[in-house]
Amino acid sequence: MSLLNYKCPSCGASITYDPNQDMGHCEFCGSTFTLDELEKYNKEDQGEEKAVGQDGAQEKVQDDEEISGYTCENCGAEVVSDTTTSATFCYYCHSPVIIKRQLAGDFKPDYIVPFAIDKKKAQETFLSWANKQTYVPRSFTEDSQLEKITGVYLPYWFADVKTNVNVSGVGTTTNVYTRGDTEYTEYMDYAVNANGDFDIKGIPELAFTQIDRDLVKSVDDFSSAELRDFNMLYLSGFFSEKYDIDKEEVKSSFLKQAQSYAEDYVNSQFAQYDSVKRDVDQVDTNIEKISYVLLPTWVLTYQYLDKNYVYMLNGLTGEAFGELPVDKTKLGIRSGLIFLVVMVLALLGGRFLW
Ligand SMILES: [Zn+2]
Ligand SMILES: [Zn+2]
């Protein structure tokens, strides 16, 4: 039993996480339940937890062989998933499925930011964006296309970095003024320093290779997020991926980012000087803690003339970014018109000239 499917205490149907109510919701009978209520009700599952642990050991062997088949508890069909997927849906009965093994041990997230934007809101945001664009193929905004918008939790590393800054030197201000016919330049030197410790909390780094990093970066401002302790219920009804970039690999990036925050801080302290000559210039950074965090993103991929386009939406703030396929037929009409206008002008011109 390595799959988890939250059941409705009232009717037994599948429970999904509802971003609007911040509760578990049964789509079948409409009931809503708190995290605690669902945990209590689905406690029988917990009884099997130990057995799961043992299973887990056996499945580890399978993992090496990259077998990722699971049987759906709901309909008995095989649930096929990528080796990195931790939450998905049964292909046949569409019940939400959480693959516990992908969330165990080193892969157990520390924190999660649950979706605050639901599917309907994500679709509306996309539509109003698409309708503002000049060239959009009609199929881009069809219902069947909108249905494909997918809520996925992406894995991130968050680092807390302790930074010590020790910078001192001479700051100079320059003042130019004119008296009579003479221009004077006045220099004033000041001893300046910026010293101290500060903590930089939660520097994020995407921990997943199978998505366009630049696109994700354009919508991954989660600085307003409140991190919650991880709970599997938040995954129910969404897709979720586990990290495929180890935290060791991102350490140097964290230190570099901390260095640049520290540099910004120092510069802000010296902003009133026209130039600063640094005699001591030392910034030490030290990673205190790295947490594993899942962040919510809506993704819509669209294929047009054999090319893939992606629209992404921050699942917390609704901030969005999209690439657009240019509709060749619409473009054709537009340039055809321009061509026609030019032709007419040339003919008219010709007539006047003659
Ligand atoms: Zn129900
Ligand atoms: Zn099923």
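Answer yes or no as to whether Leu235 is modelled with pLDDT of 95 or more and touching a Phe, Trp or Tyr at 6+ places or on another chain (Cβ under 9 Å). Quick ask: steps written out before the conclusion?
On the way: modelled with pLDDT of 95 or more: yes; touching a Phe, Trp or Tyr at 6+ places or on another chain (Cβ under 9 Å): yes.
So Leu235 passes the test.
Are there any strands (runs of 3 or more DSSP E) wholly within the range 67-155 with 1 or more residues that are aliphatic (A, V, I, L, M), and if so which? Step through it out loud before you land on a result.
Numbers: elements: 69-71, 78-80, 85-89, 96-99.
Where strands (runs of 3 or more DSSP E) fall fully within the range 67-155 and carry at least 1 residues being aliphatic (A, V, I, L, M), they are 78-80, 85-89, 96-99.
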(request) From the list Asp189, Asp118, Asp221, Asp160, pick out the single residue that is among the acidic types (Asp, Glu) and not assigned by TED's automatic domain parsing to the domain that holds Ala271. (result) Asp118
(request) Quick one: in the range 98-148, of everything that is modelled with pLDDT under 90 and of a type in the set (Gly, Ala, Ser), which residue is farthest from Glu226 (Cα to Cα)? (result) Ser139
(request) Answer yes if at least one residue in the range 235-247 is assigned by TED's automatic domain parsing to the domain that holds Asp274, touching a strand residue (DSSP E or B) at 6+ places or on another chain (Cβ under 9 Å) and assigned to a helix (DSSP H, G or I), and no otherwise. (result) yes
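I need the full set of residues from the range 303-326 which are over 17 Å from Glu124 (Cβ atoms) and of a type outside the set (Lys, Arg), in order please. Before the answer, list the steps.
Going through the range 303-326, the residues over 17 Å from Glu124 (Cβ atoms) turn out to be 303-310, 323-326.
Selection gives Gln303, Tyr304, Leu305, Asp306, Asn308, Tyr309, Val310, Glu323, Leu324, Pro325, Val326.
Every residue, every condition in (1) in the same structural domain as Val310 (by TED's automatic domain parsing); (2) of a type in the set (Gly, Ala, Ser); (3) more than 30 Å from Ile99 (Cα to Cα), yes or no:
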position: Gln145; (1), (2), (3): no, no, no
position: Asn166; (1), (2), (3): yes, no, yes
position: Thr185; (1), (2), (3): yes, no, yes
position: Asp212; (1), (2), (3): yes, no, no
(message) Which count do you get for residues in the range 77-125 that are within 16 Å of ligand 1 (Cβ to nearest atom) and out of contact with any strand residue (DSSP E or B) (no Cβ under 8 Å at 6 or more places or on another chain)?
(response) 2
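The values are calculated or read from the model by the stated rules, or taken from the named source; none is laboratory data. These numbers were taken from a predicted model, which means no experiment stands behind them. Note that each Cβ is placed from the backbone with ideal geometry, even for glycine, and that neighbours are counted across all protein chains shown.
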